[in-house]
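Single-structure report; data block below.
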Amino acid sequence: MYVATKGGERAIEAAHQWLAEARRGDPAVPELSIAQIREQMTLAVNRVMAEGSLYDPDLAALAIKQARGDLIEAIFLIRAYRTTLPRFGGALPVETDEMAVTRRISATFKDVPGGQVLGPTFDYTHRLLDFALMADGDAPQAARKPAETQPVPHILQLLDRDGLMEPLTQGEATPPDLTREPLEMPADRPLRLQALARGDEGFVLSMAYSTQRGYGRTHAFVGELRIGTCAVEMEIPELGFAVEIGEIELTECETVNQFTGSKTEPAQFTRGYGLVMGQSERKAISMSLVDRALRWDELGEENTGAPAQDAEFVLYHCDNIQATGFLEHIKLPHYVDFQSELELIRKLRRDAGAETCKEAAE
Amino acid sequence: MSEAAYNFAYLDEATKRMIRRALLKGLAIPGYQVPFASREMPMPYGWGTGGVQVTAACLTPEDCLKVIDQGADDTTNAVSIRKFFERTAGVATTEHTAEASVIQTRHRIPEQALTEGQILVYQVPIPEPLRFLEPRESETRRMHALEEYGLMHVKLYEDIARHGAIATSYAYPVKVEGRYVMDPSPIPKFDNPKLGGNAAIQLFGAGREQRIYALPPYTQVVSLDFEDHPFEPSKADHDCDLCGAAQSYLDEVITDDRGGRMFICSDTDFCASRRADGLRGRLSPEEAA
Amino acid sequence: MMGSHMTFPAETPPLATPETPLLRVEGLGKFYGARIGCADVCFDLFPGEVLGIVGESGSGKSTLLSCLAGFLEADAGRVLYRGRDIRAMAEPERRMLSRTEWAFVHQNPRDGLRMGVSAGGNVGERLMAVGARNYGSIRDTATDWLGRVEIAPERIDDRPRQFSGGMQQRLQIARNLVTGPRLVFMDEPTGGLDVSVQARLLDLLRGLVRDMGLSVIIVTHDLAVARLLADRLMVMKDGHVIEQGLTDQVLDDPQAAYTQLLVSSVLQV
């Protein structure tokens with residue numbers, strides 16, 4: 001005899017206990033510490049911070065541990081935590097001009113004031129599995145050199161000085177906040193950049209890649225890519241001046257793109273911009289390509305119908321937390337909708353059958 | 001982090017105020033989709049974050065909450081959301097429709113008629129009824145603004161031309177007070193007649209899509225149709241096998257692998273109350289003595 | 001079946017008569033920065049009249065048509081439809097006009113049809129947009145209109161993809177004329193079709209225009225089309241109207257040097 005399924009609550013409880021056990025894995029293997037994840041899985045931590053929009057390496061490491069290494073799940077944990085935090089105010093814009101760079105390269109000039117700094121990069125490594133890492137070893141030591149003290153100016157400023165770059169326009173003093181106001185179209189550039197900065201790395205990468213393959217091509221050069229730490233300053237109303245409240249690591253990419261211009265205005269290079277928390281240069285470069293592709297309208301370019309030119313398409317689909325939630329919700333029960341579809345399809349088939357019978361009889 | 005670290009009903013008061021403002025706007029313009037700054041919730045988008053935020057903004061400590069999914073109080077997601085509010089708001093909960101002051105639902109309207117003072121909160125996945133005809137948000141908003149709903153009827157026309165009947169069985173579009181075309185969320189069209197003239201306040205929350213809309217009590221809601229192909233609420237052509245109800249929406253349950261099946265009320269509270277009143281269906285278990 | 005709020009316009013202006021124009025265009029201009037799209041365009045269109053706009057590509061004729069139909073925002077001048085300036089109209093009213101009293105036939109039927117919707121649905125859309133709610137009568141009207149544009153009624157449930165180019169164009173015309181518009185804009189309606197298909201379409205159009213008493217503004221680079229359909233012609237070059245008059249007069253006795261060139265290079269065929 002049929003008994004309606006009960007005990008959803010107990011099932012959920014048991015499933016969560018199982019999850020906790022599976023997360024820990026074999027207890028004979030030592031447990032990962034948050035510090036280990038933070039120090040040795042740094043780029044994963046960076047991605048979780050960037051897409052979770054919260055700069056806190058320890059919490060990001062905790063989220064990665066709790067999520068069993070599922071980075072989108074970890075980002076979700078950080079986002080859900082972040083949304084509950086009180087807001088004391090906004091920082092001043094960070095001055096990336098004054099970044100203490102650990103990496104800084106330009107693809108457009110061989111030598112630049114401040115020099116090219118490769119930094120800790122995978123570039124030029126041969127992608128061969130290093131089996132030595134399977135054994136415990138001594139901590140590797142890189143060669144040391146005293147830090148440069150001279151400023152490291154933005155390379156695009158040099159082109160700017162000659163009037164070769166499109167001028168930077170001063171936006172509104174306070175950009176809109178995507179996490180406090182609904183995303184509405186058309187979205188202006190600050191809003192677009194904000195959405196891209198927390199957008200899914202894979203999605204933004206694929207969009208950028210599609211522009212390179214001709215779907216909204218913009219002929220991008222990496223004018224400058226820089227990674228390093230920047231001071232974060234905040235105006236304290238009681239003090240009446242700004243104080244440094246900490247520093248964060250950032251990756252910034254500026255691209256130099258195909259030029260605009262007309263009979264009346266001389267040709268100028270255009271820009272794409274990417275800024276991401278942590279060390280995440282794939283994301284920063286991708287972001288600047290997509291940013292540039294989305295600017296087709298203001299630059300008087302043709303809309304070729306490329307996905308990367310379509311702000312609604314890009315912005316409504318770049319958030320992996322929205323995407324994964326909606327995608328996975330189809331696991332939830334849909335008995336009721338499915339039942340109504342079942343009835344409808346049976347009715348349509350019955351009506352069609354009756355029709356056929358009638359025709360046969362005639 | 002302990003529950004005490006969170007505000008009553010999880011959301012901070014500023015967020016609740018923002019949501020309440022959107023709700024009031026929605027009630028003032030029935031059927032109009034109000035954009036709101038949906039927050040990230042500790043449950044995934046698509047799993048009821050819109051409904052949860054609306055419920056959180058409505059709840060007071062005196063409220064009594066009921067949560068259903070597919071009409072049932074014991075489906076896993078309903079259990080999970082009820083538990084969330086037990087933990088974060090500490091409000092009383094119930095499975096009885098009549099006892100609840102706030103009911104959060106996914107995909108159903110309870111069978112028992114709602115009364116004045118009750119609030120029904122719907123979880124909405126895609127609030128835009130025109131979305132699958134026109135994917136662009138900027139364009140659909142314009143269509144609503146200009147009342148350009150011809151395309152909606154083209155879709156219904158195409159259904160009839162191809163299938164001989166309107167082939168929409170759930171999330172069946174409605175027109176509210178002769179103005180806005182609205183998606184009633186994926187309720188079966190059987191439930192559509194309960195949308196109009198309802199004594200309760202009906203609130204719709206779409207978290208991922210950042211939209212809220214509402215039907216104040218006793219609002220006129222008309223399911224779209226043609227004069228010669230009128231809207232028909234439909235259900236399985238059976239009575240409930242457990243309580244014998246003839247006019248409730250039924251789930252089909254496959255009981256064996258030889259085509260055996262039974263039909264039972266999707267509204268578990270409705271079914272259980274009828275059985276408690278001694279009503280019986282075709283396959284009701286014998287009374288245990 | 002139109003809702004009372006859907007009739008146009010609220011207050012009834014005097015109906016256009018053969019003496020008063022249906023459409024009056026005064027000093028219309030559209031500029032792209034320093035470049036002229038079209039400038040200083042003035043003309044009257046009377047009920048039942050067909051006005052041809054001819055010129056080479058880039059002459060501004062398509063820009064002008066888009067401005068008249070409200071697809072493009074003009075920068076100067078007035079467009080008075082039955083005495084009211086459409087540039088001053090609110091968008092809802094303008095959109096209502098464009099699905100009731102106006103129609104637009106695109107050069108490429110793909111731009112004017114819903115390719116994923118059946119022929120019947122395509123024709124029925126305008127009816128439903130203004131409130132038709134009876135499936136049977138919508139279908140009857142659609143069937144009737146398919147017949148009028150020489151499409152077999154049994155193709156009513158086929159999608160436009162399954163139609164030839166000529167049939168698609170005829171379907172687009174039916175879709176536009178079903179609500180009995182007064183004013184029809186046509187942008188190279190026979191462009192891209194084979195010569196024999198063109199002839200049949202022109203014949204059909206001529207019949208419909210006459211039977212329905214339509215006022216038409218037709219843009220074409222094909223002077224043969226203009227001669228067959230248009231009562232009057234306007235010749236455009238570099239965004240300006242350089243000559244206008246009765247069709248026969250313009251084509252047989254062109255005044256402007258450019259028109260002479262245009263006529264001599266084409267009409268020998």
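For region A:280-292, a residue qualifies if it is modelled with pLDDT of 95 or more, touching an Asp or Glu at 6+ places or on another chain (Cβ under 9 Å) and farther than 14 Å from A:Thr96 by Cβ, and the qualifying residues are A:Arg282, A:Lys283, A:Ser286. Of the residues making up region A:23-54, those that are free of Cβ contacts under 8 Å to residues at least 60 places away in the same chain and either basic (Lys, Arg) or on the phi > 0 side of the Ramachandran plot (or both) number 4. Is it fair to say A:Ile321 is under 25 Å from B:Ser185 (Cα atoms), part of a helix (DSSP H, G or I), out of contact with any strand residue (DSSP E or B) (no Cβ under 6 Å at 6 or more places or on another chain) and more than 8 Å from chain B (Cβ to nearest Cβ)? No; evaluated as a whole, the condition is false for this residue. Taking the criterion of being basic (Lys, Arg) and buried (at least 17 other Cβ atoms within 10 Å of the Cβ), the residues of region B:120-175 that qualify are B:Lys155, B:Lys175. The residues listed here are B:Lys194, B:Lys189, B:Lys155; of these, the one that is under 15 Å from the mean Cα position of the chain (by Cα) and within 28 Å of C:Ser137 (Cβ to Cβ) is B:Lys189. The set of residues in region B:188-214 that are polar (S, T, N, Q), in a loop (DSSP other than H, G, I, E, B) and away from every other protein chain (no Cβ under 14 Å) contains only B:Asn198. Within region A:131-151, the residues that satisfy the criterion of being part of a loop (DSSP other than H, G, I, E, B) and modelled with pLDDT of 85 or more are A:Ala135, A:Ala139, A:Pro140, A:Gln141, A:Ala142, A:Ala143, A:Arg144. Entry remark, region B:273-289: residues being without any contact (Cβ under 8 Å) to a residue 24 or more places away in the chain and either within 14 Å of chain A (Cβ to nearest Cβ) or of a type in the set (Val, Ile, Thr) (or both) number 4 in total. Counted as qualifying within region A:153-231 are the helices (runs of 4 or more DSSP H) with 1 or more residues that are touching a Leu at 6+ places or on another chain (Cβ under 7 Å) and of a type in the set (Ser, Thr, Tyr), namely A:201-212. Here A:Phe203 fits the description: out of contact with any strand residue (DSSP E or B) (no Cβ under 8 Å at 6 or more places or on another chain), of a type in the set (Phe, Trp, Tyr) and either assigned by TED's automatic domain parsing to the domain that holds A:Val101 or within 30 Å of C:Ala34 (Cα to Cα) (or both).
Within the option set A:Leu43, A:Leu19, being modelled with pLDDT of 95 or more, under 24 Å from A:Met287 (Cβ atoms) and either among the hydrophobic types (A, V, I, L, M, F, W, C) or surrounded by fewer than 18 Cβ atoms within 10 Å (Cβ to Cβ) (or both) holds for one residue only, A:Leu43. Considered as a group, the residues in region B:252-263 that are within 18 Å of B:Lys235 (Cα to Cα) and more than 7 Å from chain A (Cβ to nearest Cβ) include one that is surrounded by the fewest Cβ atoms within 10 Å (Cβ to Cβ), and that residue is B:Ile254.
For region C:135-151, state whether one or more residues are within 14 Å of another protein chain (Cβ to nearest Cβ), outside any helix (DSSP H, G or I) and not aliphatic (A, V, I, L, M). Scanning region C:135-151, I find no residue that is within 14 Å of another protein chain (Cβ to nearest Cβ), outside any helix (DSSP H, G or I) and not aliphatic (A, V, I, L, M), so the answer is no. All of A:Glu343, A:Glu298 fail the test of being away from chain B (no Cβ under 14 Å), surrounded by fewer than 22 Cβ atoms within 10 Å (Cβ to Cβ) and modelled with pLDDT under 90, apart from A:Glu298. Take the residues of region B:7-44 that are hydroxyl-bearing (Ser, Thr, Tyr) and within 12 Å of chain A (Cβ to nearest Cβ): which is surrounded by the fewest Cβ atoms within 10 Å (Cβ to Cβ)? In this case the residue turns out to be B:Thr15.
Residue count for region B:142-176, restricted to those that are over 20 Å from C:Ala129 (Cβ atoms) and either more than 10 Å from every other protein chain (Cβ to nearest Cβ) or in contact with a Phe, Trp or Tyr (Cβ under 8 Å, 6 or more places away or on another chain) (or both): 1. Listed conditions (1) within 8 Å of another protein chain (Cβ to nearest Cβ); (2) surrounded by 19 or more Cβ atoms within 10 Å (Cβ to Cβ) are all met by A:Gly274, apart from (1).
Would you kindly identify the helices (runs of 4 or more DSSP H) lying entirely within region C:34-124 that contain at least 1 residues that are in contact with a Gly (Cβ under 6 Å, 6 or more places away or on another chain) and either of a type in the set (Val, Ile, Thr) or under 20 Å from C:Met236 (Cα atoms) (or both)? Here the list reads C:61-69. Just one of the listed residues (A:Val232, A:Val222) is aliphatic (A, V, I, L, M), at pLDDT 90 or above, over 19 Å from the mean Cα position of the chain (by Cα) and closer than 30 Å to A:Ile78 by Cβ, and it is A:Val232.
Of everything listed in (1) without any contact (Cβ under 8 Å) to a residue 24 or more places away in the chain; (2) of a type in the set (Phe, Trp, Tyr); (3) in contact with a strand residue (DSSP E or B) (Cβ under 7 Å, 6 or more places away or on another chain), the single unmet condition for B:Tyr218 is (3).
For (1) hydroxyl-bearing (Ser, Thr, Tyr); (2) out of contact with any strand residue (DSSP E or B) (no Cβ under 9 Å at 6 or more places or on another chain); (3) assigned to a loop (DSSP other than H, G, I, E, B); (4) not assigned by TED's automatic domain parsing to the domain that holds A:Glu184, each residue gets a yes or a no:
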| position | (1), (2), (3), (4) |
| --- | --- |
| A:Ala308 | no, yes, no, no |
| A:Val314 | no, yes, no, no |
| A:Val336 | no, no, no, yes |
| A:Glu341 | no, no, no, yes |
| A:Leu348 | no, yes, no, yes |
| A:Gly353 | no, yes, no, yes |
| A:Lys358 | no, yes, no, yes |
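Please verify whether C:Leu45 is more than 14 Å from every other protein chain (Cβ to nearest Cβ), in contact with a Phe, Trp or Tyr (Cβ under 9 Å, 6 or more places away or on another chain) and either modelled with pLDDT of 90 or more or surrounded by 18 or more Cβ atoms within 10 Å (Cβ to Cβ) (or both), treating the condition exactly as stated. For C:Leu45, the condition - more than 14 Å from every other protein chain (Cβ to nearest Cβ), in contact with a Phe, Trp or Tyr (Cβ under 9 Å, 6 or more places away or on another chain) and either modelled with pLDDT of 90 or more or surrounded by 18 or more Cβ atoms within 10 Å (Cβ to Cβ) (or both) - is not met. Cβ-Cβ contacts under 6 Å between residues 6 or more apart (or on different chains), taken from a first residue in region C:51-75 that is buried (at least 22 other Cβ atoms within 10 Å of the Cβ) to a second residue that is in a helix (DSSP H, G or I), are listed as C:Gly52/C:Ala226; C:Ile53/C:Lys61; C:Val54/C:Ala226; C:Gly55/C:Lys61; C:Ala74/C:Cys67. Looking across region B:58-90, the residues that are within 10 Å of chain A (Cβ to nearest Cβ) and in a strand (DSSP E or B) come down to B:Asp69, B:Ala72. Restricting region B:215-251 to residues that are under 14 Å from B:Arg282 (Cβ atoms) and facing another protein chain (nearest Cβ under 10 Å), the residue that is surrounded by the fewest Cβ atoms within 10 Å (Cβ to Cβ) is B:Asp237.
When you look at A:Glu328, is it touching a residue at least 24 places away in the same chain (Cβ under 8 Å), surrounded by fewer than 18 Cβ atoms within 10 Å (Cβ to Cβ) and within 13 Å of chain B (Cβ to nearest Cβ), yes or no? When the stated conditions are applied, A:Glu328 does not pass them.
The values are calculated or read from the model by the stated rules, or taken from the named source; none is laboratory data. Everything quoted here is computed from the prediction, not taken from an experiment. Counting neighbours? That spans all protein chains shown, and the Cβs are built from the backbone with ideal geometry, glycine included.
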